[in-house]
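To keep things clear, I will list the structure first and then write my remarks on it.
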Amino acid sequence: MNKLEDRLRDAYRAAAETVRPGSVPELPGRRVSHARPAIAGTRRGIRLIVPLGAAAAVATVAVLAAVIVPLALPGQHRAGNPAHHRGQRPAAAAAWTGPRFYVANADVSGTRLAVYNAATGHVVTQVRPAPGLRFQGGAAAIAGDRTFVLALWPARPRSCGTWLYQLKLTARGTAAGLTRLRGGEISGFVFAVAATADLKAIAYTDELCHPDTLNTIGIIRPGRGTVRQWSLPKQLDVNSLALSADGHLLAYSSGGGNYPYAIGLLHTGAAAGTLARRGRSIVRAARLSPASTLQSAVIAGGFVYFCAAETPARSVLFRQGISNRTTAVAHRFSGGQYCALSLDSSGRFLLVAWSADQSTTSLARLDTATGRVTRLPAIAGRASPAW
């Protein structure tokens, strides 16, 4: 069996129930089959959350029950604070800037999605997927810090496809509802997604179900009802995607197999075709260090931020100008086997996640306007949080 079959088998074995997802109008030219034969010929392992997109009109399918752990948000205090009974004023909380919540998978099987308080690192809510689905295709925040788009895979063994959902949170971070997006049905396993804050563009990269079909990067324009695709060379993995604020430029990290690790840019208005012809590499890992692996990239203003795991002891965050191609080190972090980036919908605050092993993910917030880096509480396990 190949890697994808092994990982799918292990994930599906953990499922408690199997319910066929309901049907929704498919995206143009991308009909999904819910009962395909066993996947063969694919080699990519399952990658968990990263950096999703959404359509403008949505059809409500399910409002999820959530397990809520009450927390005091930054700047708030709990009722019954002893300081009140002593007639004392409670200590003022430090002002918090940036998104208040981020999301990440709570387990490797995709049966739970955790919503974290960004300031404390505590879990506010754990959300379960719609029946018959799993959180395994990625996540992205849109429209502030309380709306997320999620890619869900089928829980049914031997089924292939991805469904896009939108999760909304209350002001306290609890789940307010989960809706399936109209037309948000993709006929492959989505591994990474991105979206503009206004939802005018959604990007994804998927591994298609048929072994003889090339994998793709796609751009969905919900307002136009169109999908444009670029095929990937065989053996090439695209590890992360990020759109510019206007949706005209897509940054991606790629590598694996016989291909060097690289960061590339693609103009989303380019004609459909192959990524090799339409995209362009802006930096290769070998240029930085022979041991570097480029793992994630985002676009903030006129810059591309990308992270590289240079050694087991160090991850480096770089910044490169899109127009002048000047590269500079934005920050260095201890621990270097893995790193991931997520830019909030305002385009200002960058969430950096890195780890040296599977036990803990360290986090930091970079203010791209000032360059200031603030360490955030670490979370258990290896995660790719999105805000």
What is the distance in Å between the Cα centroid of region 367-382 and that of region 234-271? 24
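Taking a cut-off of 21 Å, what percent of all Cα-Cα pairs in region 219-371 are separated by more than that? Intermediate values should be presented prior to the final figure.
Details: 5141 of 11628 pairs.
Percent of Cα pairs beyond 21 Å in region 219-371: 44.
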Sequence order, region 191-207: Karplus ³J(HN,Hα) from phi using 6.51 cos²θ - 1.76 cosθ + 1.60, θ = phi - 60°, Hz rounded, Gly and Pro as x, gives 10, 7, 9, 8, 8, 7, 4, 8, 6, 7, 9, 10, 10, 8, 10, 9, 10
Shape call for region 184-307 from the C-alpha gyration tensor, a ≥ b ≥ c root eigenvalues: rounded (a/c under 1.5), prolate (a/b greater than b/c) or oblate? oblate
Return the whole-Å distance between the Cα centroid of region 179-197 and the Cα centroid of region 109-160. 13
Long-range amide H partners of F101 with built H, under 5 Å: A118
Just check region 183-247 against the gyration tensor rule for me: Cα atoms, a ≥ b ≥ c as the square roots of the eigenvalues, rounded for a/c under 1.5, and otherwise prolate or oblate depending on whether a/b exceeds b/c. prolate
Unit Cα scatterers, Debye sum, region 129-227: log10 I(q)/I(0) for q = 0.10, 0.17, 0.23 Å⁻¹: -0.27, -0.76, -1.27
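Values in this text are rule-based calculations from the coordinates and carry no lab data. None of these values were measured; they are calculated from a predicted model.
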